[in-house]
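Structure, as structure tokens:
The values are calculated or read from the model by the stated rules, or taken from the named source; none is laboratory data. This structure is a prediction, so every number in the text was calculated from the model and none was measured. With ideal geometry, Cβ positions are generated from the backbone for all residues, glycine too; neighbour counts draw on all protein chains shown. These accessible areas exclude ligands, DNA and RNA; they are computed on the full protein's heavy atoms, side chains included. Shrake-Rupley method; radii C 1.70, N 1.55, O 1.52, S 1.80 Å.
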Amino acid sequence: MTDISANLADITTSIKAMYDHTGTGNINPKLIAVSKRQPDERIQAALNTGQRIFGENRVQEAIGHWSEKRSLYPDLELHLIGSLQTNKAKEAIELFDCIQSVDRLKLAKAIAREAEKQNKHPDIFIQVNTGNETQKGGCLLHELDALVQECKAQNLNLIGLMCIPPVGDDPSLHFALLKKLAKRHALTNLSMGMSNDYALAASMGATHIRVGTAIFGERTI
Ligand SMILES: *Cc1c(COP(=O)(O)O)cnc(C)c1O
């Protein structure tokens, strides 16, 4: 059995240790517990330890996991970290406090329209495809400037950049690139680091760290 409480405590401790080492000060990274494809009893175990920040990568599945719990846990903070279709923008805005996967102009526009309609303004990250991988979500490097401008023009609450390094690459190259790009655009938040590299990400200035299997164990579905 996975000891979710112990995992959360260990990960929090090592993030804190890595962060303190950098001497960059007082930003304590948020640990986002990625609950996609995890059974409800594991999610409940995390809630029972006091964890309140969770990430999901599919809107429909997230509604199943969270629509009822939202009212039970008013301090929940839900992050969408997976690709979003424009026709799901309505449901995404209804459920999520933060959307980390904005990666194209059309999606930025759809989110802005829905946010206006619902008068609900989630935090927004642009996902950057730092490895320029085909098949992968995230805007390409040469598309980033235009997308940042569009988010600002649409009055989105753009707060940072997110990346998922290519499998097999040294993630530190991608984390460093993401940091450089964020700085260039005066964005202060960096969502980077997963189960295999969260400590490294913390040491390189991550403000949001997305960890799934290292907290919950292997995904079941
Ligand atoms: C699934 C997922 C994670 C968590 O992955 P683990 O390796 O289980 O920690 C983090 N970020 C994104 C975007 C994901 O889709």
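Within the stretch 31-50, being part of a loop (DSSP other than H, G, I, E, B), in contact with a helix residue (DSSP H, G or I) (Cβ under 8 Å, 6 or more places away or on another chain) and away from the ligand (no atom under 16 Å from the Cβ) holds for one residue alone: Thr49. Assess whether Glu114 counts as being out of contact with any strand residue (DSSP E or B) (no Cβ under 8 Å at 6 or more places or on another chain), within 16 Å of the ligand (Cβ to nearest atom) and of a type in the set (Asp, Glu). Against the criterion (out of contact with any strand residue (DSSP E or B) (no Cβ under 8 Å at 6 or more places or on another chain), within 16 Å of the ligand (Cβ to nearest atom) and of a type in the set (Asp, Glu)), Glu114 does not qualify.
Within the stretch 106-120, the set of residues being under 19 Å from the mean Cα position of the chain (by Cα) and surrounded by fewer than 17 Cβ atoms within 10 Å (Cβ to Cβ) comprises just one member, Lys120.
Considering the stretch 51-66, and only residues there that are touching a helix residue (DSSP H, G or I) at 6+ places or on another chain (Cβ under 8 Å), within 13 Å of Gln38 (Cβ to Cβ) and open to solvent by less than 20 Å² (accessible area, probe 1.4 Å), the residue that is nearest to the ligand (Cβ to nearest atom) turns out to be Glu56. Among the residues making up the stretch 67-81, a single one is buried (at least 18 other Cβ atoms within 10 Å of the Cβ) and farther than 19 Å from Gln118 by Cα: Ile81. Counting only strands (runs of 3 or more DSSP E) that sit completely within the stretch 121-221, those holding 3 or more residues that are within 17 Å of Leu80 (Cβ to Cβ), within 12 Å of the ligand (Cβ to nearest atom) and open to solvent by less than 40 Å² (accessible area, probe 1.4 Å) correspond to 208-211. With respect to Lys90, is the statement that it is open to solvent by 10 Å² or more (accessible area, probe 1.4 Å), more than 20 Å from Gly160 (Cα to Cα) and not in a helix (DSSP H, G or I) true? In short, no.
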